[in-house]
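Asks: One structure coming up, written as structure tokens, with questions to follow.
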Amino acid sequence: MSDSSHPPRTDISLSRVFWRVYRRDLTLAMRSVGQWLNTLFFFVIVVSLFPLGIGPGPQTLATIAPGIIWVSALLSMMLSLDSLFAHDFNDGTLEQLVISGQPLSVIVIAKVLAHWSTGGLPLVLLSPLLALVMQMPSSAYGVLVISLAIGTLSLSFIGAIGAALIVSVNQGGVLLSLLVLPLTVPVLIFGSGAVSSSSMGLPISTQISVLAAVLALAVSLAPLAIAAALRVGVSVGR
Amino acid sequence: MSESVELLLEAKGITIWRGDNLLMDELDVQLHAGDVLQIQGTNGCGKTTLLRALIGLAEFDEGEVFWCGQPFARARDGLYAELLYLGHKPGISPGLTPLENIKTLCPELPDDCRADVVQVLDELGISDRIDLPSAALSAGQKRRINLSRLQLQQARLWVLDEPLTSLDAQGSAWVREQITKHASQGGAVVFTTHQPLSFDDISVSTIELGGAE
């Protein structure tokens, strides 16, 4: 019978667990294009509205560009966080993942990385174009991309803690921003700081180091917090 | 007491309050290898809550759960490695096909498990739906996709919440057959159901919830 031909659940390699969930989430994201395009459009529209609102003075725009691009990226990431665990919670997949007998933190890392691949990575790739719109000196493009790549990944991990905490709460969107936004402030400050310094020709290694440190902290600790929050979430909500 | 048969799941003194409602008071549950336990009761009497409490998916106010003699907190991973829980929510994402859903729910299946899945779905009469989006499936078909896990996964403990909901006669006969087979092979089953469910070859113990004790 087919029962006997499959290994027991304790023998599954972590990479299998990881790729299964990662690929699943990417497949789901690719089939609901509107969802992640929404994030991207929001980012593009918010940033490109500033030159219209403030006026096209290159000097002013270039000064505020790092902050604007970074704040918009942060808000776009927040926008997509809501749905990170909500759909899986509602259709029951989440509780099945929790009791699947596989390490939940690995599953969580896969889900967060899938979220970043569809919600964060496109922002990073598109950011030089927006930097152009904002009249930023081209010497700062590289730093912008690097700081956004590190920063948005941290934001995904930090934000996922909040998304996991509110998973069983109806209409938890407001709660989510309240919970998560304060935690994202350091990323915002050092991220936009790095880009500002770089466009003024100053050294940026401090800010990038701090960003990388935040990422290391988030990657190593957030999955545990997210897993714990999800366990509570599925046992409270029905 | 059956001395020779292994005690798998044990709950002692489970007390659950929901608001001002006492759902169950000092309830004891014992499940040995080969046991089939049916939880009965009216709507809202806490059948699902009890099932979920047994496997750590619902909080309870007093009592303790043991898996193979170990307290739940320490035995959780061991329990989950041998657990198959089919709940109210099917665990089927509407955006994925049945095959993709099954792969997510059964990580132990290899990536090329298609033939195995087709074989089981064939038995359930829905193998032609394997590549359709799950959103297009009826409730009964979703239930069948879910039930295919009874054959695809290895688990000593089955916790089935209303496994017969939205199934036709043929479907519920299949479920009955699976439960019988599982119990006779030394597995344990806890389930809830509204429909009367009779087994010929195995004995079923029952717990009645909701004041009837």
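Yes/no matrix, rows are residues, columns are (1) in contact (Cβ under 8 Å) with a residue 12 or more places away in the chain; (2) of a type outside the set (S, T, N, Q):
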site	(1), (2)
A:Leu153	yes, yes
A:Gln171	no, no
A:Val187	yes, yes
A:Ser198	yes, no
A:Ser205	no, no
A:Ser209	no, no
A:Ala212	yes, yes
A:Ala227	yes, yes
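Asks: Among what's in segment B:81-93 and is in a loop (DSSP other than H, G, I, E, B) and more than 7 Å from every other protein chain (Cβ to nearest Cβ), pick the residue that is farthest from B:Ser138 (Cα to Cα). Spell out how you get there, then give the answer.
Replies: Residues of segment B:81-93 that are in a loop (DSSP other than H, G, I, E, B), as a first pass: B:82, B:87-93.
Keeping just the survivors that are more than 7 Å from every other protein chain (Cβ to nearest Cβ) gives B:82, B:88.
Working: B:Glu82: 29, B:His88: 15 Å.
Ranking the candidates gives B:Glu82 first.
Asks: A further question on this structure: Would you mind finding the one in A:Ala29, A:Ala86 that is farther than 17 Å from A:Leu113 by Cβ and of a type in the set (Gly, Ala, Ser)?
Replies: A:Ala86
Asks: Sticking with this structure for a sec: Filter segment B:95-111 for residues that are assigned to a loop (DSSP other than H, G, I, E, B) and more than 7 Å from chain A (Cβ to nearest Cβ); which is modelled with the highest pLDDT? Can you show your working first?
Replies: Keep residues of segment B:95-111 that are assigned to a loop (DSSP other than H, G, I, E, B), which gives B:95-97, B:106-111.
If we keep only those that are more than 7 Å from chain A (Cβ to nearest Cβ) as well, we get B:97, B:106, B:110-111.
On the way: B:Thr97: 94, B:Cys106: 91, B:Pro110: 89, B:Asp111: 88.
It comes out as B:Thr97.
Asks: Quick one: how many residues across segment B:59-80 are crowded, with 21+ Cβ neighbours inside 10 Å and facing chain A (nearest Cβ under 9 Å)?
Replies: Of all residues in segment B:59-80, those crowded, with 21+ Cβ neighbours inside 10 Å come to B:60, B:65, B:67, B:79-80.
Of the ones still in play, those that are also facing chain A (nearest Cβ under 9 Å) are B:79-80.
Residues meeting the conditions: 2.
Asks: Enumerate the strands (runs of 3 or more DSSP E) found wholly within segment B:119-213, keeping only those where 1 or more residues are surrounded by fewer than 17 Cβ atoms within 10 Å (Cβ to Cβ) and not β-branched (Val, Ile, Thr). Lay out the reasoning, then the answer.
Replies: Numbers: elements: B:157-161, B:188-192, B:204-208.
Once the strands (runs of 3 or more DSSP E) in segment B:119-213 are filtered for at least 1 residues that are surrounded by fewer than 17 Cβ atoms within 10 Å (Cβ to Cβ) and not β-branched (Val, Ile, Thr), what remains is B:204-208.
Asks: Moving to a separate point now. Whether any residue in segment A:200-208 is away from chain B (no Cβ under 14 Å), within 19 Å of the chain's Cα centre (by Cα) and assigned to a helix (DSSP H, G or I) is what I want to check. Write out each step before concluding.
Replies: Our first condition is that a residue be away from chain B (no Cβ under 14 Å); within segment A:200-208, this holds for A:200-208.
With within 19 Å of the chain's Cα centre (by Cα) added as a condition, the list becomes A:208.
Now restrict to residues that are assigned to a helix (DSSP H, G or I): A:208.
Yes, segment A:200-208 has at least one match.
Asks: Somewhere in segment A:100-116, is a residue of a type outside the set (A, V, I, L, M), within 14 Å of chain B (Cβ to nearest Cβ) and closer than 25 Å to A:Ser48 by Cβ? Explain how you work it out, then say what you get.
Replies: Of all residues in segment A:100-116, those of a type outside the set (A, V, I, L, M) come to A:100-103, A:105, A:111, A:115-116.
Of the ones still in play, those that are also within 14 Å of chain B (Cβ to nearest Cβ) are A:100-103, A:105, A:111.
With the extra rule that they be closer than 25 Å to A:Ser48 by Cβ, the set shrinks to none.
No - not one qualifying residue is present in segment A:100-116.
Asks: If I filter segment A:79-99 down to residues being crowded, with 21+ Cβ neighbours inside 10 Å and within 17 Å of the chain's Cα centre (by Cα), which single residue comes out as farthest from the other protein chains (Cβ to nearest Cβ)?
Replies: Restricting to residues being crowded, with 21+ Cβ neighbours inside 10 Å and within 17 Å of the chain's Cα centre (by Cα), the top hit is A:Leu81.
Asks: Would you be able to say whether some residue in segment A:5-18 is among the charged types (D, E, K, R) and either on the phi > 0 side of the Ramachandran plot or surrounded by fewer than 15 Cβ atoms within 10 Å (Cβ to Cβ) (or both)? Walk me through it before giving the result.
Replies: The first filter runs over segment A:5-18 and keeps only residues among the charged types (D, E, K, R), leaving A:9, A:11, A:16.
The next check asks that each one be either on the phi > 0 side of the Ramachandran plot or surrounded by fewer than 15 Cβ atoms within 10 Å (Cβ to Cβ) (or both); those that pass are A:11.
Scanning segment A:5-18, I find at least one residue that is among the charged types (D, E, K, R) and either on the phi > 0 side of the Ramachandran plot or surrounded by fewer than 15 Cβ atoms within 10 Å (Cβ to Cβ) (or both), so the answer is yes.
The values are calculated or read from the model by the stated rules, or taken from the named source; none is laboratory data. The structure presented is a predicted model; accordingly, all values stated were derived computationally and were not measured. Don't worry about glycine lacking a Cβ; one is built from the backbone with ideal geometry, like all the others, and counts go over all protein chains shown.
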